[in-house]
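This report refers to the structure that appears directly beneath it.
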């Protein structure tokens with residue numbers, strides 16, 4: 001399949017007929033931002049061998065690339081609008097792969113009410129790379145930052161932690177010693193993140209700060225604490241675990257490191273004032289206090305912060 | 001250098017202090033579009049070994065990645081605003097390379113009055129890739145498309161053609177038999193495109209259609225003709241050649257193929273009504289007529305269209 005056939009057959013339908021994509025026939029897209037709204041822009045590039053293994057079903061790779069970007073929009077409280085897609089395709093990618101990739105995107109376009117605005121596709125001498133720039137909208141002034149957490153706030157996460165980091169081991173062919181069902185569930189958490197979009201929008205106006213946990217809880221919390229000029233105390237006993245993660249940890253206590261420093265969970269970390277109404281789905285894990293730094297405390301209040309707090313991309 | 005140091009030392013300064021980048025500390029950027037304006041969005045990903053050789057000075061690679069995107073904005077008549085930058089870095093890239101890359105961008109930020117809004121940087125197992133999403137602004141409804149060329153229009157280009165395709169041979173270490181000065185000049189045309197931004201903005205309201213010539217004149221003209229439902233006649237004798245290209249062709253008549261089917265010149269192809277005032281810098285190369293297809297005609301009106309009309313990315 002040639003470039004222009006690929007665009008016509010697989011990419012143009014992903015514009016879902018939206019006029020602003022100009023049928024992918026022009027040099028660029030033209031978008032109107034409704035009055036009173038601001039545009040939220042994020043860009044994540046996923047690379048084979050770094051962000052995914054490479055042998056996953058193409059549709060799931062596509063969905064992961066889109067959803068990690070949507071997760072950033074969720075963290076800002078934005079409603080997703082659309083995205084631009086840059087594909088760097090290795091020689092070995094065939095028509096069936098391209099079809100499955102586009103089908104995965106079409107499904108997520110429907111799930112999240114987004115469409116392709118534009119993009120760029122090239123055969124390369126490299127491994128597969130997928131560059132997504134996602135656009136969202138928020139009412140002017142209501143985007144949630146990570147820099148306004150305040151002493152006295154409570155700290156929450158939107159779901160269980162460590163699952164995706166354990167799931168990566170499954171993707172790499174490692175056995176965690178748990179049941180097949182647990183393996184499959186953890187693998188799924190790694191493969192297809194669930195961007196917390198409804199929650200993010202619900203948090204506008206009440207959350208002091210939010211971000212998504214993509215590189216490890218303690219490292220990401222440290223970013224929020226530094227940006228906000230506060231300290232955070234996270235309580236080990238309050239961290240939410242899935243049944244599968246609990247089973248893994250029962251066999252290997254070191255697997256706790258996945259929970260506090262593993263990446264790819266794409267749950268939201270949220271700082272809410274103590275008197276705020278707490279939306280459904282948020283789990284209290286700690287507190288914001290004056291000072292600096294992030295500590296992990298055991299049930300006796302002892303500092304058990306591990307040296308490794310998260311993932312660095314280089 | 002680690003990811004967060006790289007962002008702090010080299011990327012954050014490229015935001016030029018613009019508030020919408022949120023200091024690159026958040027999950028996304030937040031941008032306001034002024035009332036009465038529309039946003040123009042484009043995304044080009046440059047891959048080592050495809051869009052550049054790889055041994056070019058890092059600052060020039062950076063500028064090429066930015067400028068190919070700005071060229072798309074120029075074609076739409078948009079004023080550049082800012083961009084998001086996705087970097088996939090091979091292991092061998094060192095701190096000096098990163099510094100030179102960022103310095104090249106800083107220079108172009110000043111030249112084109114743009115800034116970094118956000119991005120993503122990762123060490124990868126692949127060759128170098130640079131993904132840019134550029135944003136521009138146009139007054140509502142004034143973006144120039146490529147689909148409104150009309151029979152009776154005249155066809156123009158904004159500069160000499162074929163230089164960059166010849167320059168690529170120089171970059172690959174090939175001798176074209178011309179002087180050192182001509183080699184250097186052609187190489188430069190390949191290395192650093194000049195986006196025709198002022199011209200693009202000047203064409204708002206008068207041009208029926210515009211696009212940049214990035215994949216080869218005849219192929220790109222064919223895209224414009226197809227999108228507009230017209231035919232185009234391009235006159236071989238009217239195509240503008242640089243002194244250097246003229247010297248190359250004097251030694252090898254086959255080098256004409258670089259002019260009509262070579263890529264990377266990033267000049268604008270413009271369709272203007274016959275009675276329009278023609279902005280300085282536009283060179284008349286042909287005409288738009290009823291029908292379909294693009295033909296290259298010699299001085300006697302004979303069809304001399306070559307079989308190969310441009311570059312396909314896969």
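Values in this text are rule-based calculations from the coordinates and carry no lab data. The structure presented is a predicted model; accordingly, all values stated were derived computationally and were not measured. Backbone-built Cβ (ideal geometry, glycine too); neighbour counts: all protein chains shown.
Using a Gaussian network model of chain A in which every pair of alpha carbons under 10 angstrom is joined by a spring, one finds that among A:126, A:158, A:206 the greatest mean-square fluctuation is at A:126.
Between the beta carbons of residue A:151 and residue A:252, assuming R0 = 35 Å, the FRET efficiency works out to 0.45 to the nearest 0.05.
If you look at the Cα atoms of region B:27-182, you get an Rg and a Dmax of 18.0, 55 Å. For chain B, give me the percentage of DSSP beta bridges that are antiparallel, rounded to the nearest 5 percent. Percentage antiparallel, nearest 5: 75.
Note: region B:113-253, Cα convex hull, 174 Å³ per residue.
Distances from residue A:54 to itself in the other copies, using label points 7 Å out along the Cα-Cβ axis, amount to 1.5 nm in increasing order. Placing R0 at 30 angstrom, the Cβ-Cβ distance between residue A:111 and residue A:179 gives a FRET efficiency of 0.55 after rounding to 0.05.
Per-residue Cβ neighbour counts within 10 Å put A:83, A:311, A:190, B:81 in the sequence A:311, B:81, A:190, A:83, beginning with the fewest. Taking the number of Cβ atoms within 10 Å of each Cβ as an exposure proxy, the fewest-first ranking of A:129, B:242 is B:242, A:129.
Of all beta bridges that DSSP places with both ends in the protein assembly as shown, some 75 percent have antiparallel geometry. Between region B:3-41 and region B:163-217, the C-alpha centres lie 30 angstrom from each other.
Shielding by partners for peptide A:128-141, expressed as the average number of C-beta atoms from other protein chains within 10 Å of each residue's C-beta, is 4. Taking the C-alpha atoms only, the angle from helix B:217-228 to the longest principal axis of chain B is near 90 degrees. On the principal axes of its alpha-carbon atoms, the protein assembly as shown has extents of 93, 47, 42 Å, going from largest to smallest. With contacts defined as alpha carbon pairs under 8 Å and 6 or more residues apart, what's the relative contact order of chain B in percent? For chain B, the relative contact order is 22 percent. When only Cα pairs below 8 angstrom with a gap of at least 6 residues are kept, region B:147-235 shows a relative contact order of 42 percent. Viscosity 1.306 mPa s, temperature 10 °C: what is the translational diffusion coefficient of region A:1-43 from Stokes-Einstein with a Kirkwood Rh over Cα pairs, rounded to a whole number of µm²/s? Translational diffusion coefficient: 130 µm²/s.
Mean projection of the Cα convex hull over all viewing directions, computed for region A:180-314: 9.3 nm². Mean-square fluctuations from a GNM of chain B, with a 10 angstrom spring cutoff on Cα atoms, peak among B:104, B:301, B:77 at B:301.
Applying 1/(1 + (r/R0)^6) with r as the Cβ-Cβ distance of residue A:16 and residue B:96 and R0 = 56 angstrom yields a FRET efficiency of 0.80. With label points defined 7 Å past Cα in the direction of Cβ, position residue B:8 shows copy-to-copy spacings of 5.3 nm, given to one decimal and shortest first.
Per-residue ellipticity at 222 nm from helix content only, as computed over the protein assembly as shown with -39500 (n - 2.57) for each DSSP H run of at least four residues, stands at -9000 deg cm²/dmol. Once a ≥ b ≥ c are taken as the square roots of the eigenvalues of the Cα gyration tensor of chain B, is the result rounded (a/c under 1.5), prolate (a/b larger than b/c) or oblate (a/b not larger than b/c)? Oblate is the answer for chain B, as a/c is 1.5 or above yet b/c matches or exceeds a/b. Each copy carries residue A:19; placing its label point 7 Å along the C-beta direction from Cα gives inter-copy distances of 3.2 nm, listed from smallest up. Averaged over peptide B:83-89, the number of partner chain Cβ atoms lying within 10 Å of each residue's Cβ comes to 5. Within the listed set B:283, B:249, B:304, the residue fluctuating most in the Gaussian network model of chain B (springs between alpha-carbon atoms under 10 angstrom) is B:304. Taking the average, over residues, of other Cβ atoms within 10 Å as the packing measure, peptides A:22-32, B:228-238 rank A:22-32, B:228-238 from highest down.
In chain A, the longest principal axis of the Cα atoms and the axis of helix A:58-76 are about 50 degrees apart. Counting Cβ atoms of other protein chains within 10 Å of each Cβ in B:30-40 and taking the mean gives 6. Annotation: the antiparallel percentage among DSSP beta bridges lying fully within region B:218-314 is about 50.
Semi-axis lengths, largest first, of the ellipsoid equivalent to region A:254-314 are 22, 17, 12 Å, with √(5λ) applied to each eigenvalue of the Cα gyration tensor. Ratio of Rg to Rh for region A:21-113: 0.99 [Cα atoms; Kirkwood radius as inverse mean 1/r over pairs]. For a test of the definition: using alpha carbon positions, the gyration tensor, and the 1.5 limit on a/c, classify region B:130-205 as rounded, prolate or oblate. Prolate, since a/c reaches 1.5 and a/b exceeds b/c. Please work out the C-alpha center-to-center distance from region B:268-288 to region A:91-147 and express it in whole Å. Between the Cα centre of region B:268-288 and that of region A:91-147, the gap is 37 Å. The C-alpha atoms of chain A define a longest principal axis, and helix A:95-112 lies at about 60 degrees to it. In region A:202-268, Cα pairs under 8 Å separated by at least six residues give a relative contact order of 56 percent.
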